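The values are calculated or read from the model by the stated rules, or taken from the named source; none is laboratory data. Everything numeric here is computed off the predicted structure, so don't read it as measured data. Cβ: placed from backbone, ideal geometry, glycine included. Neighbour counts: every protein chain shown. Quick note on the areas: whole protein, heavy atoms, side chains included, nothing else; ligands and nucleic acids left out. Shrake-Rupley method; radii C 1.70, N 1.55, O 1.52, S 1.80 Å.
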Amino acid sequence: MVITISRQFATGGHTIAQRVAEKLGIAFYDKELVNRVAEHSGFDVDFVTRQGEYIGSKSLLFDIVTRNRASYEDPTDKLFRIQKQIILELGAKEDCVIVGRCAGFLLQEAGIDCLRVFIGADMDYRKAYVQSHYEDTGVPVEKRLKERDSHRQSYVQHYTGAVWGERENYNLCLDSGKLGEDACVDIIVRAAQK
């Protein structure tokens, strides 16, 4: 039983995923996945966390400097390659819930059966969620939400060619703002058990 949870920023997706894993008595991978990627890559955990949903931004100067270096691998691409390997190993070996990081797309492409879930919510719910769960960064809340989602979309598009958040890419799409976290957890658990 492998469940992947993709989510819009500030929908409670991390908490929902963690509770699903607890209810099913299976492993949960979010921060632990970051730790494993850091360990295998040699990069600092903070760097892996920051790069976890961002594609590298390459400049013209970067292209000129690295063009003739056959052995050069962009750090973001290296992290993705290691992350992909770890996700595929986890999906093949154990029952687990994996949050984000293109896991559903990667497992599906590899032919590993999983329940692919997307959690979203409307802007008002997400604004209130940010205000009650996150520190104020000085960036307007709506801008912060749009930027985080844009980064996730670009990351998924870049590494999988898929459209993040598009219903056809998931087995189950839930609105945590309308349903609430408890109902989302129950629905995912029931779906996984079937």
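You will find that of Cys96, Cys102, Cys114, the residue that is closer than 26 Å to Asp44 by Cα and touching a Ser or Thr at 6+ places or on another chain (Cβ under 6 Å) is Cys102 and no other. Can you tell me how many residues in the range 98-113 are touching a residue at least 60 places away in the same chain (Cβ under 8 Å), over 18 Å from Leu79 (Cβ atoms) and part of a loop (DSSP other than H, G, I, E, B)? Residues in the range 98-113 being touching a residue at least 60 places away in the same chain (Cβ under 8 Å), over 18 Å from Leu79 (Cβ atoms) and part of a loop (DSSP other than H, G, I, E, B): 2 in total. Considering (1) more than 15 Å from Val189 (Cβ to Cβ); (2) open to solvent by 60 Å² or more (accessible area, probe 1.4 Å), the lone condition that Gly25 does not fulfil carries the number (1). Scanning the range 107-150 for residues that are in contact with a Gly (Cβ under 6 Å, 6 or more places away or on another chain), farther than 30 Å from Gln85 by Cβ and not hydrophobic (A, V, I, L, M, F, W, C) returns Asp122, Tyr125.
With respect to His158, determine if the residue is surrounded by 13 or more Cβ atoms within 10 Å (Cβ to Cβ), in contact with an Asp or Glu (Cβ under 6 Å, 6 or more places away or on another chain), touching a residue at least 40 places away in the same chain (Cβ under 8 Å) and not hydroxyl-bearing (Ser, Thr, Tyr). Spell out the reasoning first.
Working: surrounded by 13 or more Cβ atoms within 10 Å (Cβ to Cβ): yes; in contact with an Asp or Glu (Cβ under 6 Å, 6 or more places away or on another chain): no; touching a residue at least 40 places away in the same chain (Cβ under 8 Å): yes; not hydroxyl-bearing (Ser, Thr, Tyr): yes.
So His158 does not fit the description; no.
Of all the residues in the range 157-175, those that are touching a strand residue (DSSP E or B) at 6+ places or on another chain (Cβ under 8 Å) and β-branched (Val, Ile, Thr) number 0. Looking at Glu147, Glu168, Glu142, just one residue is assigned to a helix (DSSP H, G or I), open to solvent by 60 Å² or more (accessible area, probe 1.4 Å) and closer than 29 Å to Lys23 by Cβ, and that residue is Glu168. Contact map, the range 24-49: first residue more than 10 Å from Leu79 (Cα to Cα) and in a helix (DSSP H, G or I), second residue open to solvent by 30 Å² or more (accessible area, probe 1.4 Å) and among the charged types (D, E, K, R), Cβ cut-off under 7 Å, separation 6 or more or different chains; pairs are Leu33/Arg101.
Screening Glu135 against (1) outside any helix (DSSP H, G or I); (2) in contact (Cβ under 8 Å) with a residue 60 or more places away in the chain leaves a single unmet condition, (2). Beta carbons closer than 8 Å, at least 6 apart along the sequence or on distinct chains, pair a first residue in the range 183-194 that is touching a residue at least 60 places away in the same chain (Cβ under 8 Å) and over 14 Å from Cys114 (Cβ atoms) with a second that is open to solvent by less than 10 Å² (accessible area, probe 1.4 Å) and part of a helix (DSSP H, G or I) for Cys184/Ile16; Cys184/Ser176; Val185/Ile16; Val185/Val20; Val189/Val20.
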